[in-house]
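Undergrad: First, the structure itself, so that you have it in front of you.
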Amino acid sequence: MFARLSAQTASRSVHQLSRTTIQVTFSTQHIPGSYAIVSNGALQTASIQPKGSFSNSNRIVASRDQPALNILFGRQKLTSARFASTNATAVQSNTKHITAFTAAAAGATGLGYLYMTSTVSANLADDGLHVAKHPWSHRGLTETFDHASIRRGYQVYKEVCSACHTLNLIAWRNLVGVSHSTEEAKAMALEVEYTDGPNDQGEMFQRPGKLSDYFPRPYPNDEAARASNAGALPPDLSLITKARHGGDDYIFSLLTGYCDAPAGVEVREGLSYNPYFPGGAIAMARVLYDDLVEYEDGTPATASQMAKDVVTFLSWAAEPEHDERKKLGMKAMIILVSLTGLSIWLKRFKWSTLKTRKIVYSPPHH
C-alpha cells in the first residue's frame, strides 16, 4: 500500500521556488524504516529518522524543468511536506522542552517557598484556637453592610468599648448617611468637650464638638491607658478587623469565647482566659453580657447579638468606602465586559478576510 503525492497536491502545502530542498515530516506517530522516492523516474532510497524527519542522502530538488515530484512510501501515510528550513518537528520539540522546564522551575520555586515560610504550629495555646467562619452579610461580592447593625454596633461601642478603646480614624461626620442623620451626628458631637486653641490670649480652651472632630480618646496618653489596665495598652479599634488574622470572625470569637481555664492551665491575677487569644491569657475581661444595652429598635441585646453588631460597626470603621467600592466595581465590570466583547467582535471582523483566504500555487506551464 503506497501513498502518492503529485506536484499538484504538493503545491498546496509546499511553496516551490526556482530551486529548493524539500523535507517531509510527519505530524502523527511514525515508524522508522526505509522508503522509496521517485523523482521524475529516478528511484532513490530514503529513511525516516527517529524524530520523524523524512530524509534522503541525495537532496530532492524541485525546479522549473522538474515540476513533477512523486513520493512513494508504504508504512506511513504522508501528512505534511515542508521546506528543510522550516522544521516543524524541531520547533514543537523545543517548545515542549521549554514548557516542561518552566513548569518544573515554577513548581520547585513554589515548594521551596512553602518549605521556607512554613510556620505551622501544633500548639494551639501559642497561636490561639482557630476561629470558625461566620456568614457575615457584607462578605458577598454584591453584598453591602447592614446599616441597622452598624447603628446598633455604634451604640455598643459608645456604651461599652469606648471606656478603654480609641477610634482615632473616625470622625462624627463619617456617621452621617451611614447610621445617623446629620442632626443626630451633630447632637452627639455637642455632648463632647474638645480642647482647642490657643485663643487671642494664647490660652487653650474647651469647646463643644462639631462634625469635623474625631471620636474622643478615653485616656489623655498611652501611659495613662497602661496604668489603668494593668500595664496593657488597649489597641485602637479603627483598623482592628484588618490588623488581626481572621478579621471579623476573630473579633467575634474573641468577644464571645471567654470561659474558665481548663485543668492544668494557670492564669495570673488580673487576666482572663480566652482560648482564641494567643497564649490564652488576655488582659481584657469579658465585657458583653445579655441585656447589657437597650437597643433603640427593640432588638434583643444578647451577648452574641451585641458582638455581631459591634463587629459589623468595626468592620465598617476599617473600610468606610466598602459599599461605594463594590458599586463602582460592578459598574467597571459591566463596562469592561462590554468593551471586551466589542473588541473581540471587531478583531474577528477585521481579520476575517485574512484568516479565511487561501493561497494556491499554480505551477508554470511549458
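The values are calculated or read from the model by the stated rules, or taken from the named source; none is laboratory data. Everything numeric here is computed off the predicted structure, so don't read it as measured data. Cβ sites come from the backbone with ideal geometry, for glycine too, and all protein chains shown count toward neighbours.
Undergrad: Could we say that Leu254 is closer than 19 Å to Gly153 by Cα, in a loop (DSSP other than H, G, I, E, B) and under 37 Å from the mean Cα position of the chain (by Cα) here?
TA: No; evaluated as a whole, the condition is false for this residue.
Undergrad: Restricting the first residue to segment 192-204 and requiring it to be at negative phi, which pairs with a second residue that is among the aromatic types (Phe, Trp, Tyr) and surrounded by 10 or more Cβ atoms within 10 Å (Cβ to Cβ) meet a Cβ separation below 9 Å and a spacing of at least six or different chains?
TA: What qualifies is Val192/Trp172; Val192/Phe215; Thr195/Phe205; Asp196/Phe205; Pro198/Phe205; Asn199/Phe205.
Undergrad: Before we move on, is Ser118 at pLDDT below 85, closer than 23 Å to Tyr250 by Cβ and in a loop (DSSP other than H, G, I, E, B)?
TA: Here the answer is yes, as Ser118 does meet what is asked.
Undergrad: What's the total number of residues in segment 295-311 that are of a type in the set (D, E, K, R) and modelled with pLDDT of 95 or more?
TA: 2
Undergrad: Of all the residues that make up segment 153-200, how many are surrounded by 15 or more Cβ atoms within 10 Å (Cβ to Cβ) and hydroxyl-bearing (Ser, Thr, Tyr)?
TA: 5
Undergrad: Further question: Mind listing whichever residues of segment 289-324 are aliphatic (A, V, I, L, M) and outside any loop (DSSP other than H, G, I, E, B)? Lay out the reasoning, then the answer.
TA: Residues of segment 289-324 aliphatic (A, V, I, L, M): 292-293, 301, 303, 306-307, 310-311, 314, 317-318.
Matches in segment 289-324: Ala303, Met306, Ala307, Val310, Val311, Leu314, Ala317, Ala318.
Undergrad: Condition first: out of contact with any His (no Cβ under 8 Å at 6 or more places or on another chain) and surrounded by 10 or more Cβ atoms within 10 Å (Cβ to Cβ). Now tell me which residues in segment 351-363 satisfy that.
TA: Answer for segment 351-363, where residues must be out of contact with any His (no Cβ under 8 Å at 6 or more places or on another chain) and surrounded by 10 or more Cβ atoms within 10 Å (Cβ to Cβ): Trp351, Ser352, Pro363.
Undergrad: Name the pairs whose Cβ atoms lie under 6 Å apart, with the first residue in segment 205-222 and hydrophobic (A, V, I, L, M, F, W, C), the second in a loop (DSSP other than H, G, I, E, B) and modelled with pLDDT under 95, and 6 or more positions between them or separate chains?
TA: Phe205/Gly197; Phe205/Asn199
Undergrad: Can you tell me which of Leu339, Leu314 is at pLDDT 95 or above, crowded, with 17+ Cβ neighbours inside 10 Å and out of contact with any strand residue (DSSP E or B) (no Cβ under 8 Å at 6 or more places or on another chain)?
TA: Values: Leu339 fails: crowded, with 17+ Cβ neighbours inside 10 Å.
Every option except Leu314 fails the conditions.
Undergrad: Asp126 passes all but one of (1) assigned to a helix (DSSP H, G or I); (2) modelled with pLDDT of 95 or more; which number fails?
TA: (2)
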